[in-house]
Amino acid sequence: MAVPDKIKQEVDKLRQQIEHHNHLYHTLDTPEIPDADYDAIVLRLENLEEEYDLQTPDSPTQRVGSAPLSQFSQVQHELPMLSLNKVFDEADLLAFDARLKKRLDNEKEIQFSCEPKVDGIAVSLLYRDGVLERAATRGDGTTGEDITRNVRTIKSIPLRLKKLKPGTLLEVRGEIFLGKQGFSRLNEKAKVEGSKIFVNPRNTAAGSLRQLDSRMTAKIPLQMYCYSIGLVEGLELPTSLSETFKTLGKWGLPVNSDIGIAVGIDACLEYCLDLLGKRNSLGYEIDGAVLKVDEHELQQDLGSNAKSPRWAMAYKFPAEEKSTKILDVEFQVGRTGTVTPVARLEPVFVGGVTVSNTTLHNMDEIERLGLRIGDTVLVRRAGDVIPKVVKVIQAEKNKKPKKIKMPENCPACGSAVEKEGEVLYKCSAGVICPAQQKESIKHFASRTAMDIEGLGDKLVEQFVDEDVIENIADIFTIDEGQIADLERMGKKSAENLIQAINDSKETSLARFLFSLGIREVGEATAAGLSNHFGNLQSIISADQESLEKVTDIGPIVASHIVTFFANQSNLDLISKLRSVGVNWPDIEVSDQQKPLDGQTFVLTGTLEIMPRSEAKAALMALGAKVAGSVSKNTSCVVAGPGAGSKLTKAEELGIKILDEGEFLAFLDDLT
Ligand code: IVH
């Protein structure tokens with residue numbers, strides 16, 4: 001069928017428009033049009049291509065994937081895809097620099113391109129005449145697999161490069177990965193749909209790239225960063241890698257904006273340490289930094305050996321996932337009596353620390369993991385997050401693996417363990433259980449509660465075990481003579497501790513409320529209660545309804561508060577604390593309007609400057625409600641790095657979004 005010129009022109013224009021918006025959205029993160037408008041353009045193009053039989057491999061409509069292949073075909077890399085030498089410490093990095101200078105026979109400081117080592121899958125993209133012709137995995141470095149159809153579904157990878165003319169050949173290499181946000185969104189969806197949870201971003205990315213059905217790949221929001229060039233024909237490229245990156249960016253290819261330049265190895269080390277420091281807040285996972293001699297001419301002089309270039313080095317960071325063995329599962333009793341399974345692990349160095357035990361949260365989690373004692377498991381510790389058992393890698397070979405069972409009796413006091421609600425198990429003894437005593441005293445004395453310096457977890461355990469104290473009020477009746485002779489104590493430390501205990505008596509209502517350990521009353525809720533009621537008696541006498549009027553308090557938290565103050569032994573404890581001198585100033589509660597009255601804020605992602613609890617307290621003091629999820633009633637979302645589905649939802653609903661800097665300025669203006 002002859003296609004009218006007008007249609008051909010429209011199809012061309014639509015393709016350009018779509019790729020332009022893909023680039024803005026997926027590479028530059030600065031979309032210009034609403035999603036609905038974008039969808040409308042795509043739909044128009046799909047219809048025209050269908051009607052006039054105009055589908056081509058480089059059309060953006062092909063990004064949705066196509067019918068399954070029976071197998072991948074092989075691809076020979078004309079230039080081998082090398083790997084990197086690696087070092088793990090500063091001394092070896094300095095030695096690398098010394099080797100380079102020696103080989104170059106020049107003491108001049110070398111300029112390096114410093115790059116995050118993105119944890120993904122290496123790929124090669126071949127553009128002929130500016131059009132993506134072939135994408136391949138690295139394979140063994142010489143032979144890879146043709147994954148073109150899968151790679152075409154990745155929206156930040158241009159199907160056609162801007163400005164590249166016929167007669168050119170360009171091979172770009174880089175890393176395909178799944179960002180943290182994309183990964184958590186996938187898992188949120190999997191949870192809702194009850195489908196399999198993805199273990200980590202790297203495996204998910206690798207698995208989806210090796211799908212024979214590219215429609216499956218299209219469902220995973222993969223991304224790519226380019227990091228080097230392979231074959232080049234008919235093109236003049238800049239003389240350095242850093243300039244080449246700029247050129248690639250101009251052609252529409254995705255280049256990581258966290259790449260830097262450093263002159264001399266000391267500056268490289270600074271880059272590495274800085275990158276390690278912000279590892280958590282990056283939107284993608286890294287396993288180190290890559291340092292590359294920047295000038296192409298120097299790279300040529302240094303050359304490569306069979307496996308890796310001499311001009312590049314990976315500086316590896318501690319792994320965030322390692323395998324280890326479950327030695328045992330024990331049960332711990334918390335301050336409210338909840339009995340929690342804790343895994344004892346064969347010690348493993350992961351995420352920069354040695355981990356030898358970790359919480360398994362509840363029995364459902366054990367069931368979900370299919371965990372047995374003796375299993376080899378994958379443990380993950382990213383940033384400061386508590387270590388987590390991600391999955392069983394190898395089940396215990398033992399013929400009769402030990403099933404993990406909730407004990408019938410509390411491991412601390414022997415009272416019956418009772419099931420509460422769907423997943424919780426609790427010790428039925430209440431405050432006479434020594435484990436509950438210890439945990440509630442530890443919480444009471446902790447830095448964010450009554451802040452009793454020197455009364456740490458170990459000492460609390462010792463005091464309870466040796467019958468020095470039984471409850472939080474007893475802390476204030478300890479005398480020096482009673483403790484000076486205890487093991488690890490001595491006169492001076494006893495004196496200091498008594499002083500610290502006395503100092504802690506002057507406190508605030510918010511701290512005091514928090515330190516009582518009422519279920520689900522954290523720092524921010526305690527601050528909210530304190531600001532709303534102003535004095536303790538009003539909180540004690542408040543009913544469910546008036547408690548629910550407080551910002552951030554819903555029916556469940558309100559009922560925990562009512563239950564707590566309905567318990568006479570809690571009221572007796574409070575009287576004792578007051579009678580030994582624990583005090584705080586009451587707060588004047590005004591009926592005056594506050595600047596953020598009636599507004600609901602949501603905090604998401606990592607806040608890097610102001611701790612989240614402080615941000616929450618500041619908002620609540622200004623009258624705002626701080627909610628955990630985004631809805632059409634949300635007034636504003638504060639989004640830090642790593643923000644996921646909440647940010648997306650806010651964007652979809654057109655809700656005001658502030659980054660942390662803007663948020664701090666906003667608070668400044670109001671206070
Ligand atoms: S350069 C000729 N740069 O690390 C040098 N690799 O262990 C080839 N990787 O196979 C690699 N980020 O998959 C380079 N900025 C980066 C990288 C990077 C991640 C991966 C890549 C490579 C592996 C080498």
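General observations
- Relative contact order (%) - criterion: Cα under 8 Å, at least six apart; region: the chain: 9 percent
- Sorting 115, 346 by the number of Cβ atoms found within 10 Å of their own Cβ, with the fewest placed first, yields 346, 115.
- Centroid-to-centroid separation of the stretch 565-589 and the stretch 483-505 [C-alpha atoms, Å]: 24 Å
- Taking GluC sites (Glu not before Pro) across the stretch 63-147, the ones in a DSSP loop with at most 11 further Cβ atoms lying within 10 angstrom of their Cβ are 78, 107.
- Ranked by the mean number of other Cβ atoms within 10 Å of their residues, highest first, the peptides 467-478, 487-498 come out as 467-478, 487-498.
- Distant-in-sequence amide contacts of residue 131, defined by a placed amide H-H separation under 5 Å and a gap of 5 or more residues or a different chain, comprise 161.
- Prolate/oblate/rounded call for the stretch 126-282, Cα gyration tensor, a/c under 1.5 rounded: oblate
- Separation of alpha-carbon centers, the stretch 84-106 and the stretch 190-217, rounded to whole Å: 39 Å
- Hz values of 3J(HN,Hα) by residue in the stretch 12-21 - Karplus curve (6.51, -1.76, 1.60), Gly and Pro given as x: 4, 5, 4, 4, 5, 4, 5, 5, 4, 6
- Other-chain or far-sequence residues with amide H under 5 Å of residue 357's (modelled H): 345
- Here the stretch 339-354 and the stretch 602-620 have alpha carbon centers that stand 29 Å from each other.
- Annotation: the residues 440, 538, 73, sorted from fewest to most other C-beta atoms within 10 Å of their own C-beta, follow the order 73, 538, 440.
- Ascending count of other beta-carbon atoms within 10 Å, so fewest first, for 331, 198: 198, 331
- Cut-off under 5 Å, modelled amide H: who pairs with residue 600 long-range: 625, 635, 636
- Computed from phi, the 3J(HN,Hα) profile of the stretch 419-430 under the Karplus parametrisation 6.51, -1.76, 1.60 (θ = phi - 60°) reads 7, 10, x, 6, 10, 7, 10, 10, 6, 7, 6, x Hz, with x in place of Gly and Pro.
- Using R0 = 45 Å, the C-beta based FRET efficiency linking residue 545 and residue 344 works out to 0.45.
- Net charge of the neighbourhood of residue 431, taken over other residues with C-beta under 15 Å away and scored Lys/Arg +1, Asp/Glu -1, is +2.
- Partnerless cysteines in the chain, where a partner means another cysteine C-beta under 4.7 angstrom, comprise 114, 226, 268, 272, 636.
- In Hz, Karplus ³J(HN,Hα) per residue of the stretch 572-582 (6.51, -1.76, 1.60; θ = phi - 60°; x = Gly, Pro): 4, 4, 5, 4, 4, 4, 5, 6, 8, x, 5
Quick note: the coordinates plus some simple rules give every number you see, no bench work behind them. Just so it is clear, the model here is predicted, and its values are computed rather than measured. Every residue, glycine as well, gets a Cβ built from its backbone with ideal geometry; the counts of neighbours run over all protein chains shown.
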